[in-house]
Structure formats: structure tokens, C-alpha cells
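Chemist: Handing you a structure now.
The values are calculated or read from the model by the stated rules, or taken from the named source; none is laboratory data. Please read all numbers here as calculations on a predicted model, not as lab measurements. Cβ placement follows ideal geometry from the backbone for every residue including glycine, while neighbour counts extend to all protein chains displayed.
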Amino acid sequence: MTNRNEIELLASYFTLAGDVYPFGPTELSPFSFRERAEAASKAGWKGMGLIHEDVQVNAARIGLKEMKKIADDNGIRHLELEFLPNWFKDGELRVQSDAMRREMMEFAVALGLRDIKVAPGLGADIAHPTEAELTPDISRMAEDFYGVCEDARNAGTNIVLEIMPFSSVRTMETARAIVEGANHPNGGLLIDIWHVSRGNIPFSKVAELPGRFVGAVELDDALAAQEGTLWEDTIYHRRLPGEGDLDQQGFIEAVRATGYDGPWGVEILSETYRKLPLEEMARRSFETTMAQLTQAFERTGA
């Protein structure tokens, strides 16, 4: 079990990407990969997140080998990549997904990725999904999740499926049925305090997860009252850990009960935070998160 002196933090892509957000006009960071890595290193981060298009652009500019060198030179030990959609679909959506998947696996080999995030079922209008779009075919998803995980094993990485309250995987029961049905050693869940809390999933259900199926964890915060739609709330109004109303200590305790000992991810999506200077974003998100984790670990004497 990790103790407080061994805590490592991973800044998810949008935490350090700057003034961009998921499915916005662009998701490409205005900051270079080197700038982000250097700011992360200076603040104390040991991990960083990437997105597919951003890696494509940086690979074309400087090459994957140089990206790996920049990460290594800055002590960035953990790299994760998002976000593979439609891996359980048919037709043209699956063709496009499979093409992205092949490239992501190439990135995994070249960059030594820790994990790749895969999307649950999201609506065509992500802010207003239909009930049909939110109804999962669990057996199909479990079968196809196994296939993605097998590709990941061959590429030396892992797959994490994110639970989201506005998606087809919005309950712990559905999420567990998929990953336990696949039962692949390279596949698990991504547990984010925002999604768990907004999805009204009791932390006790997090604590009950078999440790082998907890692949990644993310911290952030929010006000008790939802602001706008769930989608608007998640991309505009997240807060730094400890600066909102979510039960940080209870969530950390639940995650630790699973035996999880990987890096703690931090995903901040905020229309005010993302306009800050890069070094300030890196420093503030690191310090607030580490304060919450240190408090939790000290309380248990770990």
C-alpha cells in the first residue's frame, strides 16, 4: 500500500491543456508538449495526460521519440492517452474507431503509455442523450472490451473504462458487469470523484471494487448543486480539490480500500481555471490535490 511519501500525481490532459475543453471548437492545447511537461515537472507532477489529436500533431512536429525524451527528461513517469470512442459499435463508427485504436496502440509502444481511456456510450448530442443511447448492451461491450484490452496487452499498456452519469455506463453495476465480464488483466475502470458523485454512486460501492479492476482514479471538486446540464456542469464548473463540496476524504478512503496504489489523476475542467497561466494551473492543481491526499494518508497513519 502506498504511503504519503510515495504519492504520485498525474495531470489529466485538460488539467494543463489551457483554454480548451472536451468536444469544444478545438481540443488542441495552445501550449507545446515541452511547455506542459516542464510546467508539470516544476510543480511536482509525475504523470501527464494526452489526447489522440494532440499526440498526432506533436508527433508530426517533433516525433514520438522526442516526446518520450521530453517526458523522461522532466521526470514524467506516467503517461495516459484519451479517448477511444465507439469500440463496441458496428458500421462506419467502428471502422473509424478501429483506425484510431491502431494508432493509439502505436503511440502506446512508442511513448510507454500507462493506460488508454475508452469512452462509454455517449449520445450524438452529448448534453441531451436519448434513452436508447443510454441503454448498454453489456454482453457486447464486455466482449469488445476484452478485444481492446488484448490489443493493449500486446502494446504494453492498459485500458480504463470511464463511468459517466450522462452515458451508457452510469452505474457501478453496469461498469462492473463489463469489466468483470471481460475479465482481462489489462482492463479496469477509471473512477472519477465528479462522475461518481454526480451519478449518485455511494462511495461504499467504490470501496467494494476488486482492486484488480481499479485501473485509474481522478480527483477534482464541484459545488453541491449542479450548475446547468450535467454536461455543462462537468466542462465549465469543476473546482480544484478541496475548493468545492464533494467529499474528498471519503472518496480517497474508498479508493484506498480497494488497494489501489497507482498515481492519482487530477482532471480539472473549468471555464475560469483554464484561462490561468500554465505554471499557475500546474502549481495550484498540484498543491490543492496533494493537500487532500496528504490529509487522508496522515489520518490513517499511512
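Chemist: Do you know which of the residues in segment 94-129 that are in contact with a strand residue (DSSP E or B) (Cβ under 6 Å, 6 or more places away or on another chain) and outside any helix (DSSP H, G or I) is surrounded by the fewest Cβ atoms within 10 Å (Cβ to Cβ)?
Modeler: Top of the filtered list is Ala119.
Chemist: Then there is this: Could you please find all residues in segment 6-55 being under 28 Å from Trp231 (Cβ atoms), part of a helix (DSSP H, G or I) and hydroxyl-bearing (Ser, Thr, Tyr)?
Modeler: Tyr13, Thr15
Chemist: Still on this structure: Answer yes or no as to whether Leu240 is touching a Phe, Trp or Tyr at 6+ places or on another chain (Cβ under 6 Å) and farther than 22 Å from Gly211 by Cα.
Modeler: For Leu240, the condition - touching a Phe, Trp or Tyr at 6+ places or on another chain (Cβ under 6 Å) and farther than 22 Å from Gly211 by Cα - is not met.
Chemist: State yes or no: is Phe203 more than 16 Å from Asp144 (Cβ to Cβ) and out of contact with any Lys or Arg (no Cβ under 8 Å at 6 or more places or on another chain)?
Modeler: So Phe203 fits the description; yes.
Chemist: Please enumerate the residues belonging to segment 116-144 that are touching a Leu at 6+ places or on another chain (Cβ under 9 Å), among the charged types (D, E, K, R) and without any contact (Cβ under 8 Å) to a residue 40 or more places away in the chain.
Modeler: Glu133
Chemist: Return the only residue of Glu253, Glu173 being surrounded by fewer than 23 Cβ atoms within 10 Å (Cβ to Cβ), charged (D, E, K, R) and in contact (Cβ under 8 Å) with a residue 40 or more places away in the chain.
Modeler: Sole residue among the options that is surrounded by fewer than 23 Cβ atoms within 10 Å (Cβ to Cβ), charged (D, E, K, R) and in contact (Cβ under 8 Å) with a residue 40 or more places away in the chain: Glu253.
Chemist: Also, quick follow-up: For segment 21-35, state whether one or more residues are surrounded by 21 or more Cβ atoms within 10 Å (Cβ to Cβ), touching a residue at least 12 places away in the same chain (Cβ under 8 Å) and among the aliphatic types (A, V, I, L, M).
Modeler: no
Chemist: Next question. Search segment 195-233 for residues being within 22 Å of Ser285 (Cα to Cα) and in contact (Cβ under 8 Å) with a residue 60 or more places away in the chain, and hand back the single one that is surrounded by the fewest Cβ atoms within 10 Å (Cβ to Cβ).
Modeler: Top of the filtered list is Glu232.
Chemist: Would you please list the contacts, defined by Cβ atoms under 8 Å and residues six or more apart or on different chains, that run from a residue in segment 86-111 that is closer than 30 Å to Asp72 by Cα to a residue that is loosely packed, with under 15 Cβ neighbours inside 10 Å and among the basic types (Lys, Arg)?
Modeler: Pairs found: Ala110/Lys65.
Chemist: Moving on to the next point. What number of residues within segment 130-146 are buried (at least 17 other Cβ atoms within 10 Å of the Cβ) and either in contact with a Cys (Cβ under 9 Å, 6 or more places away or on another chain) or closer than 14 Å to Arg94 by Cα (or both)?
Modeler: Number satisfying all stated conditions: 3.
Chemist: With respect to the numbered conditions (1) within 30 Å of Tyr146 (Cβ to Cβ); (2) at pLDDT 95 or above, which one is the sole condition not fulfilled by Phe23?
Modeler: (2)
The rows are residues; the columns are (1) at pLDDT below 95; (2) outside any strand (DSSP E or B); (3) of a type outside the set (Ser, Thr, Tyr).
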{"site": "Leu223", "(1), (2), (3)": "no, yes, yes"}
{"site": "Gly228", "(1), (2), (3)": "yes, yes, yes"}
{"site": "Asp233", "(1), (2), (3)": "no, yes, yes"}
{"site": "Ile252", "(1), (2), (3)": "no, yes, yes"}
{"site": "Tyr260", "(1), (2), (3)": "no, yes, no"}
{"site": "Ile268", "(1), (2), (3)": "no, yes, yes"}
{"site": "Glu279", "(1), (2), (3)": "no, yes, yes"}
